[in-house]
Amino acid sequence: MSKQIHLVLCGGVVLGVAHAGVLKALDDTGVQVSSVTGTSAGALVGALYAGGYSGAEIASLITSNRLDRLLLDSRFVLGFNHLKLLWPLSWSKRTRLVFLSTFIALLVGVQFGGYIHPNFTTAASLGIVGTVCAFIVFWVLVLVRVLGYRPGLFKGKKLSAWVNCRLQEKLSLKSPPECKDLLKRFSAIATDLRAGEMIVLDEQFDNSMTVGEMVQASAAIPIVFPPMVVGKRVLADGGITQNFPVGVAQGIAETVSDVFITVKFEPKSIEPKSTSWLFQILYATIDAARSVQEESISQNPWIPIQLTVDLEPLDFSIDSEAKRLAIEKAYEEALGVLQSYRSVWA
């Protein structure tokens, strides 16, 4: 039996756009991949690749679509136009809530201004400040309460719908694709929050799940996106338990001569002066927990590709040029590694 080549794509949120550059390098060097195993962003790109998209086509899809519009559906925004996202009540009750908050804010503001200074002009100015502060505090309290009702800041369903739509177009299917419809064996990694264990989403897991739903579950970052409930399982981002799923791919290998190509990102250092410092801390915290779970290839031939990506992991608003440069850089790095390991995979 001839050796097979298994591709492993790690998670990394926005850094995952660089996976497209690696796939382009695989295509250009003639590497024939038999299976794709991915976590989070790796599952998204891997699903498209397993469904017949080339690396160049995936790069085009990524650069031509804004990530915030692709991944984020209903925004969690404080504002009059988004009140139904802020409170699980009927519209009439939400309207009364707005008037109530405004009245309370005015009352607090007037009392605040009159108490602080007897002069009318000064008191009025202070009253305006007090009104604004009271209004903000009121809606912050509403926000805190709503977070208790909502399992995520965004619905997360837009991603699964987009993946299913792209695969339906590519494979000429009339219904949303399942794993059995893909051209390559595909596995997505998720985490069961109830059991605290890694779950492999593939053809054997649940035939009722579409490929898009598998990707959505694998990329469901806690708090940002809600977990997906499948039977008794509560599935969330696979990077929580296994961000670099080489162990899962090893279970697919049929012989010791099978080759593994793994893609991993260099950890980014935290820059305290950066405008996205808060997001950097969040990602670094998740990434530190992920690194404990990482494994390595023990027996089979292994081609490790480690990428340095100059993007912010949680910056969903990056422009097309930044994505294009990241993909090109990843392409050059991967191409160099593949050429140096030609004797292994050829």
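Observations on the structure shown:
- Protection proxy ranking, peptides 48-55, 223-230, average beta carbon neighbours within 10 Å, highest first: 48-55, 223-230
- FRET efficiency estimate (nearest 0.05) - Cβ-Cβ, Ser257 to Ser320, R0 41 angstrom: 0.50
- Taking Lys and Arg as +1 and Asp and Glu as -1, the other residues whose beta-carbon sits under 13 Å from that of Lys329 total -3.
- When you count the other C-beta atoms within 10 angstrom of each residue and take the mean per peptide, 335-342, 246-253 line up highest first as 246-253, 335-342.
- Near Val211, once Lys and Arg are set to +1 and Asp and Glu to -1 for all other residues with Cβ below 9 Å from its Cβ, the sum equals -3.
- Listed peptides 10-23, 161-174 by packing density, highest first (mean Cβ within 10 Å): 10-23, 161-174
- Cα-Cα over 23 Å, subset of Lys157/Lys232; Lys155/Lys232; Lys24/Lys323; Lys174/Lys232; Lys24/Lys174: Lys174/Lys232; Lys24/Lys174
Values in this text are rule-based calculations from the coordinates and carry no lab data. Remember, predicted model here, so these are calculated numbers, not experimental data. Note that we place each Cβ from the backbone using ideal geometry, even for glycine, and neighbour counts take in every protein chain shown.
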